[in-house]
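The values are calculated or read from the model by the stated rules, or taken from the named source; none is laboratory data. These figures come from a predicted structure and were not determined experimentally. Neighbour counts run over all protein chains shown; Cβ positions are idealised from the backbone, glycine included. These area figures cover heavy atoms from the full protein model, side chains too; ligands, DNA and RNA do not enter into them. Shrake-Rupley method; radii C 1.70, N 1.55, O 1.52, S 1.80 Å.
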Amino acid sequence: MEKDKQESHRVAISGDVEVSAYLGIAKERKGAQPQAEPQEKLGTEREAVAVIDFGSQYSWLIARRVRECRVYCEVVPHDAPWDSVAALRPKGFILSGGPSSVYEPGAPQAPAYVYESRLPVLGICYGMQLIAYQLGGKVAKGVKREYGLAILHQNSTNTPLFSGLPSEIPVWMSHCDRIEEMPPGFVSLAYTENSPVAAMGNEYGTIGLQFHPEVAHTPQGKAILQNFLYKICGCNGNWTPGSFVTESIERIKEQVGKGRVICALSGGVDSSVVATLIHHAIGDQLTCIFVNTGMLRREEVSRTLNTFQKNMKMNLVYVDASERFLKRLAGVIDPEEKRHIIGEEFVRVFEEEAAKIGQVDFLAQGTLYPDVIESASSGSKAVAIIKTHHNVGGLPSRMKLSLVEPLRYLFKDEVREVGLALGLTEDMVYRQPFPGPGLAIRIIGDVTKERLEILRAADWIVMNEIKKAKLYRQLWQSFAVLTPVRSVGVMGDSRTYGYMVAVRAVTSEDAMTADWARLPYDVLAQISNRIVNEVPEVNRVVYDISSKPPSTIEWE
Ligand code: XMP
């Protein structure tokens, strides 16, 4: 089998040109590509590459960087059949790193079409070792594990992959195995102290890199990827998340036909963009259900109704279910129980409303690309459950509806760009994340109507002051938490015995880790002054200076 793959590649190479020296530019290849589906019906000739995933934690980061170079890209599992990859019409492949060693029994291999297509290939770390192994070279256990920064020295000054870069650059290494012998037709492009072949290539644009160009620790990594995409794959870099809109609208129309779609609208970025996109595609065939759990922030209901019902004229069912939620939450103080109750009640309300609509065929969800990649690659990994996140898109499979997930190939910031391209306001598109269970998990202890009102008032002040100080978009989240602690204070000449509110503001890239924000003292002072003056039940404000880990962003 392996031999066959190598043979087919060799035949492919020697069929067109003589293998001599690496020129760095993929030579013109005639007719050998497996046939992909025509893309004309999407109305665009989109440039794309496929990242073949071998289980690296960095695969999504490769996709991220490629899209930053304005080339569309998807991560596909290493055993994905050609048909599913062909739909992308890739102009090249990137083989990710991975935890395996090429000689291990059962180690994942690059599929034959990667080599047979004769498209440019960039193998990163394990991906490079696979190229060496599958095309007839030798991979050996490194004498030393090479981990961390290394200096990459180029062997030649005119390698297109390194075009525009100095001849020595810092790169990030994380590998043990290394290339002992390159496959026939390959030349070494660069070396480091521990890796004599830190980059190699052949004249067809099949390239291997031992280092990781996708990580921030390789400062010129993006330039290297861009060189691969533009100079070797021949991409122009004209993809934008905005161009995704036209394509998505066509796809949604095609998928839904004359069917009916329902969508849980929360007013958050993802559900707002999903609803708007689908509404653009199928208009009144979409019905959005907006459930007021009673745990929403001030003005959230009116804002959402104004945007979608009044301005966009969407079919929108609004349900004020706050009494129901409050009743079920009465006396509940355990955070997980709160989450469970809210999740369950939400589904009940949603199902009741959906039943009133009549025949429904599709459920729209705001699934994003990181969720897709994560669920595809998490496999059997046991992950300790810290919080069982309930979010408004997470509806049960018993509803037996087909899913419409137009954002499933987008990263969060791309969703924002799509939102703007669809005409949503910046205010809407740059909203900070808000958890599905809402204010219930920001009231420590019992959730009551009175406490919700107190928190709403304090939260409103935090948000407005943060916006006024122009800090809102720099922060991942900023909000108020109502603690059950009451303390003594003095106002005028009177003793008070009021609640303590905590202010939480964090910076983060992805919510996996977060740092408490160093808010200016005068902003904190203004927030504190306003809360104690404008919210009579509160007489003390504290600022949360814990990071995640060991704390979490939300208090519950
Ligand atoms: P933690 O508190 O786990 O929060 O550090 C990480 C991110 O997740 C949000 N979060 C939730 N989102 N349902 C959600 O939809 C939930 O139950 C939930 N709990 C936390 C949180 O706001 C932060 O952005």
> Scanning for something out of contact with any His (no Cβ under 8 Å at 6 or more places or on another chain), among the hydroxyl-bearing types (Ser, Thr, Tyr) and either open to solvent by less than 20 Å² (accessible area, probe 1.4 Å) or at pLDDT 95 or above (or both), does region 203-219 turn up at least one residue?
Replying inline: yes
> Residues of region 481-513 being in contact with a Lys or Arg (Cβ under 7 Å, 6 or more places away or on another chain) and open to solvent by 60 Å² or more (accessible area, probe 1.4 Å), which ones?
Replying inline: Val488, Tyr497, Thr513
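Find the residue count for region 515-551, including only residues that are among the small types (Gly, Ala, Ser) and more than 18 Å from Ala458 (Cβ to Cβ). Steps first, please.
So in region 515-551, the residues among the small types (Gly, Ala, Ser) come out as 517, 525, 528, 546-547, 551.
Adding the requirement that they be more than 18 Å from Ala458 (Cβ to Cβ) leaves 546-547, 551.
Result for region 515-551: 3.
Out of Leu296, Leu363, Leu305, which single residue is under 29 Å from the mean Cα position of the chain (by Cα) and assigned to a strand (DSSP E or B)? Spell out the reasoning first.
Details: Leu296 fails: assigned to a strand (DSSP E or B); Leu305 fails: assigned to a strand (DSSP E or B).
Being under 29 Å from the mean Cα position of the chain (by Cα) and assigned to a strand (DSSP E or B) holds for just one of Leu296, Leu363, Leu305, which is Leu363.
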>> Kindly evaluate Lys313 against the criterion of being within 18 Å of Gly423 (Cα to Cα) and either in a loop (DSSP other than H, G, I, E, B) or free of Cβ contacts under 8 Å to residues at least 12 places away in the same chain (or both).
In response: yes
> If we scan region 223-244, do we find a residue that is at pLDDT below 95 and of a type in the set (Lys, Arg)?
Replying inline: no
>> Which count do you get for residues in region 514-556 that are over 21 Å from Leu471 (Cα atoms), within 16 Å of the ligand (Cβ to nearest atom) and open to solvent by 80 Å² or more (accessible area, probe 1.4 Å)?
In response: 3
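Checking the structure you have, find out if any residue of region 521-532 is in a loop (DSSP other than H, G, I, E, B) and of a type in the set (Asp, Glu). Walk me through how you get there before you give the answer.
Of all residues in region 521-532, those in a loop (DSSP other than H, G, I, E, B) come to none.
Scanning region 521-532, I find no residue that is in a loop (DSSP other than H, G, I, E, B) and of a type in the set (Asp, Glu), so the answer is no.
Can you pull out the helices (runs of 4 or more DSSP H) entirely within region 366-462 that have at least 2 residues that are at pLDDT below 95 and either under 26 Å from His340 (Cα atoms) or within 16 Å of the ligand (Cβ to nearest atom) (or both)? Let's see the steps before the verdict.
On the way: elements: 369-378, 412-421, 426-429.
It comes to 369-378, 412-421.
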>> Looking only at residues that are of a type in the set (Asp, Glu) and within 30 Å of Trp239 (Cα to Cα) in region 412-450, which one is most open to solvent (accessible area, probe 1.4 Å)?
In response: Glu426
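Considering region 395-452 alone, what residues qualify as being of a type in the set (Phe, Trp, Tyr) and within 30 Å of Tyr499 (Cβ to Cβ)?
First pass over region 395-452, keeping only residues of a type in the set (Phe, Trp, Tyr): 409, 411, 430, 434.
Correct list: Phe434 only.
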>> Checking Glu214 against (1) part of a loop (DSSP other than H, G, I, E, B); (2) out of contact with any Gly (no Cβ under 9 Å at 6 or more places or on another chain): exactly one of these is not met. Which one?
In response: (2)
